[in-house]
Amino acid sequence: MRLPFRHLIAAVFTLVLIIFLCHLTLGAARARGYAPASVILRQSAIGTGEYLSHAIRGDLGNSALWTRRSRRMATRPVAQLLRGYYPRSMGLLAVALLLTALIGIPLGTLAALLRHSRLSVGIIASTLVGISAPTFFLALLLQVMLVRFYRATGTRLLPVGGFGWDEHLVMPALVLAAPSIARMARMTYLALADVLDQDYIRTAYAKGLSRRWVVWRHAFRNAAPSILTALSLSMRYSLAALPIAEVFVGWPGVGTALLDAIRSYDINTTTGLVLSLGFTFLVINALLELGYRWADPRLRTAVPGGGA
């Protein structure tokens, strides 16, 4: 039980640190250099303690958010604001991660199975472009392509912005998932290519086992920890790119509200939104750690409650 307890302590410390950093950064931005650092630090520590005392009772404070869509101040409880924005962002993030797994892993697997071929080189070269392209550039590029296609043919493929659990979801999900797909394909390729060159894989082929059985039963099981690591990295990058993707495609989620809150110097709203993203990150990390233990038997045979 020592290991889960340590994870719980680390998670609580992380959330408290998030609260303090939100108060510190917005407090420094409000001061604009007119207040000493010691005063800002003291006020941030006091604000963190007050926020925690209210948050433990379920009170996240009130929001005074200036929204770029309504061009006015909207005052309401932060918890109510989260109930509206959080499901939209998590739905978008879930679809983006699903696209990452469904497209990135097969592409990386195909490149590994056909390594040293032109197709494999083309796939890996294209992943470099996907990883390097900024999120805002991908959003603008897709919007320009859709507009030009509409002007040339009169057919609208997808909406260039807006919210909806229909075709409106496709473009923001692609914008958010594109770098992660490239990263996942590259990591899958590297992990599988290394495993497929091992002696035990050649031995399995020599025993007459089918290619599908060898790849799925032997290669994938040994490459799974690396693939899960790539999925974890993709989730982190997607969370970081979420505000940019939402703003550029007009998706009203946590990312868009967070930028509005920072612009309004709204500490309660900023802290609540960043906490929601931080909590999501911790939960997904915990699930991925369970996946590591399933994929790697060496982790399951570790000493229970050991120091390592």
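Quick grid of which residues meet (1) within 27 Å of Gly253 (Cα to Cα); (2) at pLDDT 85 or above; (3) touching a Pro at 6+ places or on another chain (Cβ under 8 Å):
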residue: Leu24; (1), (2), (3): yes, yes, no
residue: Tyr34; (1), (2), (3): no, no, no
residue: Leu41; (1), (2), (3): no, yes, no
residue: Thr67; (1), (2), (3): yes, no, no
residue: Leu82; (1), (2), (3): yes, yes, no
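Among Leu141, Leu146, which is surrounded by fewer than 19 Cβ atoms within 10 Å (Cβ to Cβ), touching a Lys or Arg at 6+ places or on another chain (Cβ under 9 Å) and in a helix (DSSP H, G or I)?
On the way: Leu141 fails: touching a Lys or Arg at 6+ places or on another chain (Cβ under 9 Å).
Sole residue among the options that is surrounded by fewer than 19 Cβ atoms within 10 Å (Cβ to Cβ), touching a Lys or Arg at 6+ places or on another chain (Cβ under 9 Å) and in a helix (DSSP H, G or I): Leu146.
Find all pairs meeting these conditions: Cβ atoms under 6 angstrom apart; at least six residues apart or on different chains; first residue within region 274-289 and closer than 15 Å to Ala230 by Cβ; second residue part of a helix (DSSP H, G or I).
Within 6 Å, the pairs are Ile284/Met235; Leu288/Leu228; Leu288/Ser232.
Is it true that Arg186 is assigned to a helix (DSSP H, G or I), charged (D, E, K, R) and under 29 Å from Ile284 (Cβ atoms)?
Considered against the rule, which asks whether it is assigned to a helix (DSSP H, G or I), charged (D, E, K, R) and under 29 Å from Ile284 (Cβ atoms), Arg186 comes out as yes.
Just name the residue that is nearest to Ser264 (Cα to Cα) out of those in region 1-51 that are outside any helix (DSSP H, G or I) and not hydroxyl-bearing (Ser, Thr, Tyr).
Our first condition is that a residue be outside any helix (DSSP H, G or I); within region 1-51, this holds for 1, 32-36.
Those left that are additionally not hydroxyl-bearing (Ser, Thr, Tyr): 1, 32-33, 35-36.
Details: Met1: 44, Arg32: 14, Gly33: 18, Ala35: 19, Pro36: 22 Å.
Only one residue fits best here, namely Arg32.
So how many residues does region 242-259 have that are touching a residue at least 24 places away in the same chain (Cβ under 8 Å), surrounded by fewer than 24 Cβ atoms within 10 Å (Cβ to Cβ) and assigned to a helix (DSSP H, G or I)?
2
Residues in region 266-274: is at least one modelled with pLDDT under 85, over 23 Å from Phe13 (Cβ atoms) and outside any helix (DSSP H, G or I)?
So in region 266-274, the residues modelled with pLDDT under 85 come out as none.
The answer is no, given that none of the residues of region 266-274 is modelled with pLDDT under 85, over 23 Å from Phe13 (Cβ atoms) and outside any helix (DSSP H, G or I).
Looking for whichever is among the polar types (S, T, N, Q) and surrounded by fewer than 18 Cβ atoms within 10 Å (Cβ to Cβ) here; the options are Thr100, Thr135, Thr153, Thr127. Which one fits? Step through it out loud before you land on a result.
Details: Thr100 fails: surrounded by fewer than 18 Cβ atoms within 10 Å (Cβ to Cβ); Thr135 fails: surrounded by fewer than 18 Cβ atoms within 10 Å (Cβ to Cβ); Thr127 fails: surrounded by fewer than 18 Cβ atoms within 10 Å (Cβ to Cβ).
The conditions single out Thr153.
Would you call Val170 in contact with a Leu (Cβ under 9 Å, 6 or more places away or on another chain), in the same structural domain as Ala125 (by TED's automatic domain parsing) and of a type outside the set (S, T, N, Q)? Step through it out loud before you land on a result.
Values: in contact with a Leu (Cβ under 9 Å, 6 or more places away or on another chain): yes; in the same structural domain as Ala125 (by TED's automatic domain parsing): yes; of a type outside the set (S, T, N, Q): yes.
Yes; evaluated as a whole, the condition is true for this residue.
For Val160, work out the one condition from (1) out of contact with any Pro (no Cβ under 6 Å at 6 or more places or on another chain); (2) under 24 Å from Leu277 (Cα atoms); (3) of a type in the set (A, V, I, L, M, F, W, C); (4) assigned to a loop (DSSP other than H, G, I, E, B) it doesn't fulfil.
Going through (1) out of contact with any Pro (no Cβ under 6 Å at 6 or more places or on another chain); (2) under 24 Å from Leu277 (Cα atoms); (3) of a type in the set (A, V, I, L, M, F, W, C); (4) assigned to a loop (DSSP other than H, G, I, E, B) one by one, Val160 breaks only (2).
Consider Gly130 carefully, then state whether it is in contact (Cβ under 8 Å) with a residue 12 or more places away in the chain and part of a loop (DSSP other than H, G, I, E, B). Outline the logic, then answer.
Numbers: in contact (Cβ under 8 Å) with a residue 12 or more places away in the chain: yes; part of a loop (DSSP other than H, G, I, E, B): no.
So Gly130 does not fit the description; no.
Which is of a type outside the set (Ser, Thr, Tyr), surrounded by 13 or more Cβ atoms within 10 Å (Cβ to Cβ) and modelled with pLDDT of 90 or more, of Leu3, Leu52, Leu60? Give the steps one after another, and end with the answer.
Numbers: Leu3 fails: modelled with pLDDT of 90 or more; Leu60 fails: modelled with pLDDT of 90 or more.
The match here is Leu52.
Right, Asp199: out of contact with any His (no Cβ under 7 Å at 6 or more places or on another chain), under 23 Å from Thr135 (Cβ atoms) and exposed (fewer than 12 other Cβ atoms within 10 Å of the Cβ) or not?
Working: out of contact with any His (no Cβ under 7 Å at 6 or more places or on another chain): yes; under 23 Å from Thr135 (Cβ atoms): no; exposed (fewer than 12 other Cβ atoms within 10 Å of the Cβ): yes.
No: the conditions fail for Asp199.
Exactly one condition in (1) of a type outside the set (Ser, Thr, Tyr); (2) surrounded by fewer than 18 Cβ atoms within 10 Å (Cβ to Cβ); (3) at pLDDT 90 or above is false for Pro172; which is it?
The single condition Pro172 does not satisfy is (2).
The values are calculated or read from the model by the stated rules, or taken from the named source; none is laboratory data. Predicted, not measured: the structure shown is a model, and the values here were computed from it. For neighbour counting, all protein chains shown are included, and Cβ atoms are generated from backbone atoms with ideal geometry for every residue, glycine included.
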